[in-house]
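Report on the structure given below.
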């Protein structure tokens with residue numbers, strides 16, 4: 001990894017880089033008015049804790065799921081990929097045609113893990129679907145690869161190895177969030193015949209076909225350009241001081257949760273959800289973060305969507321997503337006539353944890369459409385208008401709690 005500047009060779013320099021170019025950029029943007037930001041941090045933290053208390057959530061174990069099966073799949077370059085399988089709990093045959101329901105395969109996003117799908121795996125297995133989840137290379141419990149192996153095309157090949165190993169036959173529904181959606185696109189580009197033959201449904205959740213180099217991440221144009229220009233090198237330097245980074249994160253837990261909440265969600269979420277998200281993000285090693293980062297700016301998989309034409313598709317995104325803004329989902333829909341497009345107002349990037357009930361409903365509906373399409377041999381390509389949802393209940397509940405806390 002390249003280094004620059006006299007401070008790049010010490011932990012102090014690494015922490016300065018973190019503050020100046022990594023998460024520090026987000027913090028700087030958020031705390032321009034230091035007093036107001038500190039007040040918001042305290043207020044949001046109290047609301048988040050109250051949301052947990054009302055739901056009876058007191059432990060991280062609330063989000064733990066023990067799979068029915070767990071195995072290691074070795075990819076093309078020998079990297080071990082962690083895969084878990086949930087067997088169906090509900091009726092396994094489709095009510096309309098008596099066919100076995102497709103296997104649903106989830107691919108998570110950048111700096112997350114298969115744990116991000118906890119609500120979706122529960123809903124789908126209870127509905128009678130066999131569910132497969134896996135950790136992408138360098139994430140969760142999967143192994144790490146060589147630095148030059150961290151790119152979207154390799155992730156698509158990794159997914160193919162997982163599918164060959166644990167879903168060797170039968171119809172498949174692919175669901176991908178952010179980088180996981182890009183992984184699905186890479187699969188479609190490299191294996192178009194396989195995709196047409198086996199995939200009966202696909203969900204692209206808060207993802208993009210390309211053009212990410214112009215995204216400002218909600219920081220403003222200047223700071224956004226700085227992240228694109230200097231972020232990979234800064235992350236590379238920080239990789240040399242992983243322990244110092246980990247220590248900084250542990251010492252600043254509330255601030256870290258606040259930044260993660262700001263970047264990941266568009267509405268108030270329980271503290272346990274913010275902590276789960278932060279845990280996944282900061283469990284990803286800096287060497288993996290830095291190796292993948294440049295490839296998002298180069299990502300262009302518009303051609304890949306040709307492989308998904310005629311397949312039942314859901315495009316699902318938040319109107320307040322700072323990482324893959326709504327225009328990126330709009331672009332996918334333009335390339336996939338007939339796609340069901342659902343937009344959640346006041347929703348951010350990690351939308352499957354922020355609005356799980358709505359996403360679960362949409363995935364179950366996708367499963368039903370995919371079963372029908374598989375029976376007739378094709379999906380509809382009729383252009384559909386986007387469906388917008390506003391989760392009024394979540395917003396009103398958070399406001400009610402905030403009022404109660406102010407009066408206390």
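Tabulated values for the structure
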| item | result |
| --- | --- |
| Span from the the range 66-129 Cα centroid across to the the range 262-322 one, whole angstrom | 19 |
| Considering only the range 84-134, percent of DSSP beta bridges that pair antiparallel, nearest 5 | 50 |
| Value of Rg/Rh across the range 139-189 [Cα atoms, Kirkwood radius] | 0.97 |
| Ranking of 322, 196, 253, 101 by count of other Cβ atoms within 10 Å, fewest first | 253, 196, 322, 101 |
| FRET efficiency, residue 254 to residue 403 (Cβ-Cβ, R0 22 Å, nearest 0.05) | 0.45 |
| Ranked list, fewest to most other Cβ atoms within 10 Å of each Cβ, for 182, 280 | 280, 182 |
| Residue order, fewest to most surrounding Cβ atoms within 10 angstrom, among 147, 103, 324 | 147, 103, 324 |
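A short reminder: the numbers here are calculations on the coordinates, not readings from a lab. All figures in this text were calculated on a predicted structure; none of them were measured in a lab. All Cβ positions, even for glycine, are placed from backbone atoms using ideal geometry, and neighbour counts span all protein chains on display.
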